[in-house]
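> Before I ask anything, let me first share the structure, which is written out below as structure tokens.
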Amino acid sequence: MFGKRIADGNGPTQPAQLPVPTESGVADAVPPPLKPQQAMAPPAKSVAPKQPDPAQAEAAPRSEEYYAIKTTIFNALIDTIDLSQLAQLDTTSAAEEIRDIVTEIISIKNVVMSIAEQESLLQDICNDVLGYGPLEPLLARDDISDIMVNGADAVFIEVGGKVEKTNVRFRDNAQLMNICQRIVSQVGRRVDEASPICDARLMDGSRVNVIAPPLALDGPTLTIRKFKKDKLTLDDLVRFKSITPEGAKVLGIIGASRCNVLISGGTGSGKTTLLNCMTGYIEPDERVITCEDAAELQLQQPHVVRLETRPPNLEGVGMVTMTDLVKNCLRMRPERIIVGEVRGHEAFDLLQAMNTGHDGSMGTIHANSPRESLSRLESMITMGGFNLPSKTIREMIAGSIDVVIQAARLRDGSRKITHVTEVLGMEGDVIITQDIFLYEIKGEDEDGNIVGQHNSTGIARPNFWDRARYYGLEAELAAALDASEV
């Protein structure tokens with residue numbers, strides 16, 4: 001969370017002086033909302049809050065009187081403070097100055113509040129000026145996977161696969177729009193009536209989508225897909241029972257032996273998380289290039305080049321598409337190309353890259369099954385205007401994709417790897433696939449949680465065996481497959 005006073009008081013020895021409000025200098029009238037260009041950009045790194053548990057601050061309901069007092073004091077602060085001087089301070093010093101001025105405003109206006117309420121008010125106002133406002137307590141929680149804001153008065157979160165409504169609210173739609181503009185401006189994008197749809201990201205890589213009026217009828221709609229601060233690994237997925245230890249071992253061998261992998265799944269099924277886990281088996285001396293609409297992959301290798309698409313500017317020019325990025329990758333001496341999500345005719349260029357020596361490339365796609373993911377690839381290439389026969393496209397897919405991994409979010413909110421399927425080739429006009437692991441649902445327990453198990457299909461020598469042997473991993477692959485059959 002931003003704007004919290006540090007206990008030891010360390011900071012610049014001579015911070016810039018801000019004007020201190022006087023009895024006559026504090027205005028009671030409500031000024032117009034902050035313009036986007038007046039909003040302070042969020043700092044690069046946040047300051048730790050005093051509250052040890054941000055969930056408690058978020059869960060406590062606020063009264064209408066609290067919001068009325070907060071609005072009055074916030075407007076008085078904006079009338080009093082010099083934003084140009086505040087912008088010259090570091091985060092800690094700026095937060096201390098804001099807290100000092102707000103404390104004096106509370107004293108001048110004779111506002112009666114408890115110590116806890118005053119501390120909460122100080123923190124909220126610091127967040128409004130320096131951070132992301134009411135979103136800060138939610139962003140501080142590591143157990144939240146999604147934040148969904150449907151206008152100023154409706155904020156929902158997803159915890160443990162379940163969606164629930166929170167007590168968080170914004171002052172009005174103007175404040176919400178201001179925060180949306182603050183978020184997207186950090187990555188050089190904009191959202192307004194002329195460009196009401198925007199994809200962006202937070203500094204930690206969390207994915208952000210904004211759709212603003214007039215397209216959103218109930219006010220700006222903000223969706224944030226949060227990532228955990230600790231990077232997940234396949235061992236974590238085993239602990240979450242998303243895959244068995246033997247299945248995780250096979251997935252690790254697939255990543256290390258440079259198989260071309262397509263990760264398929266629905267929205268929120270964990271495709272990007274699984275892709276991050278798979279990249280953990282890339283050798284540190286390999287040159288990896290990632291292409292994404294909003295950069296969210298968290299690769300740990302030292303030699304990574306991250307590319308991001310760009311929307312058109314105000315004149316409608318300057319757009320850089322995913323196809324442009326993938327084509328440019330081929331001129332950058334990549335050893336692996338990773339596409340965050342294949343959703344258009346860039347699928348053709350990715351398959352071409354996989355076919356021309358860039359083994360170990362990976363991508364994700366929205367689909368409900370491995371077979372459907374291959375059909376969607378064919379449809380994307382066809383919609384891209386490539387006048388190729390269907391059989392030619394299928395032969396290209398069969399020759400490029402080695403393994404399809406299917407992820408799914410079940411009705412109890414749990415995420416499972418339901419299929420590990422390899423592509424064998426063509427038989428006539430049909431792409432032949434073979435399942436290696438399947439997840440079978442048995443029922444549910446007394447708490448409503450899905451009960452099931454991962455089963456090996458008994459394939460003792462999968463099609464990528466020779467590739468594993470080339471990298472000296474055939475003994476580990478055989479041991480994992482044998483153990484999975486027990």
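> What's the longest uninterrupted piece of the chain once you rule out the chymotrypsin sites (Phe, Trp or Tyr not before Pro) that are loop residues per DSSP with at most 15 other Cβ within 10 Å?
After excluding every exposed loop site, the longest remaining stretch is 1-239.
> Tell me, in nm to one decimal, what length is gained between THR223 and ASN449 on full extension, where the rule is 0.36 nm per residue of separation less the Cα-Cα distance?
Length gained between THR223 and ASN449: 78.7 nm.
> Turning to a different aspect of this structure: For the range 139-223, what does the alpha-carbon gyration tensor say about shape, rounded, prolate or oblate, given a ≥ b ≥ c as the root eigenvalues, a/c under 1.5 as rounded, and a/b over b/c as prolate?
Details: a/c = 1.95, a/b = 1.28, b/c = 1.53.
Cα axes put the range 139-223 in the oblate bin.
> Further question on the same structure: To the nearest 20 Debye, how big is the dipole of the chain about its Cα centre, given +1 on the beta carbon of each Lys and Arg and -1 on that of each Asp and Glu?
Charge dipole, the chain, about its Cα centre: 780 debye, nearest 20.
> Amide H of ARG201: which non-local residues (sequence gap of 5 or more, or other chain) have their own amide H closer than 5 Å, using H built in the peptide plane?
Distant-sequence amide H within range of ARG201: VAL208.
> Continuing with this model, one more query. Under 5 Å between amide H atoms, partner at least 5 residues away or on a different chain: which partners does ILE263 have, H built in plane at 1.01 Å?
HN-HN under 5 Å from ILE263: GLY363, THR364, ILE365, ILE405.
> May I pose another question? Once the piece of chain linking PHE386 and ASP412 is laid out straight, how much longer is it, given 0.36 nm per residue of separation minus the C-alpha distance between them?
Residue separation times 0.36 nm, minus the Cα-Cα distance, leaves 5.2 nm.
> I'd like the Karplus ³J(HN,Hα) series for the range 143-160: coefficients 6.51, -1.76, 1.60, θ = phi - 60°, whole numbers in Hz, and an x wherever there's a Gly or Pro.
8, 8, 9, 9, 10, 10, 10, 10, x, 5, 9, 10, 10, 10, 10, 10, 10, x
> Under a crude label model (7 Å from the Cα following the beta-carbon direction), how far is ASP285 from ASP143 in nanometres?
Each label point lies 7 Å from its Cα, and together they span 4.5 nm.
> I've got another one for you. Quick check: pseudo-label points 7 Å beyond the Cα along Cα→Cβ at GLU395 and HIS303, how many nm apart are they?
About 3.4 nm separates the two model spin labels.
> So what is the calculated 222 nm ellipticity per residue for the chain, using -39500 (n - 2.57) for each DSSP H run with n of 4 or more, over all residues, to the nearest 500 deg cm²/dmol?
-10000 deg cm²/dmol
> Let me ask you something else. What accessible area per residue comes out for the chain, rounded to a whole number of Å², with a 1.4 Å probe? Please list the in-between numbers first.
Values: 22310 Å² over 486 residues.
Ligands and nucleic acids excluded, the result is 46 Å² per residue.
> What percentage of the solvent-accessible surface of the chain, computed with a 1.4 Å probe over protein heavy atoms, is contributed by carbon and sulfur atoms? If you can, show how the numbers build up before the last one.
Numbers: 11210 of 22310 Å².
Carbon and sulfur: 50 percent of the exposed surface of the chain.
> How would you rank 446-459, 400-413, 370-383, highest first, on the average number of other Cβ atoms within 10 Å across their residues?
Details: 446-459: 13.1, 400-413: 21.4, 370-383: 18.8.
Final packing ranking: 400-413, 370-383, 446-459.
> Right, another one. Which distance in nm do the two modelled labels at VAL238 and ASP429 give, with both placed 7 Å along the Cα-to-Cβ direction?
Between VAL238 and ASP429, the simple spin-label model gives 4.5 nm.
> Let me ask something additional. Which of the three applies to the range 278-388, rounded, prolate or oblate, going by the alpha-carbon gyration tensor with a ≥ b ≥ c and a/c under 1.5 meaning rounded?
Note, shape of the range 278-388 comes out oblate.
> With r as the distance between the Cβ atoms of ASP172 and HIS366 and R0 = 41 Å, compute the FRET efficiency 1/(1 + (r/R0)^6) and round to 0.05.
0.70
> What is the calculated FRET efficiency for VAL112 to LEU83, with r their C-beta to C-beta distance and R₀ = 25 Å, to the nearest 0.05? Let's see the in-between values first.
Values: r = 29 Å, r/R0 = 1.17.
Here the calculated transfer efficiency is 0.30.
The values are calculated or read from the model by the stated rules, or taken from the named source; none is laboratory data. Quantities reported herein were computed from a predicted structural model and do not represent experimental measurements. In this analysis, Cβ positions are derived from the backbone assuming ideal geometry, glycine residues included, and neighbour counts consider all displayed protein chains. Protein only, heavy atoms only, side chains kept; ligands, DNA and RNA dropped before computing areas. Shrake-Rupley method; radii C 1.70, N 1.55, O 1.52, S 1.80 Å.
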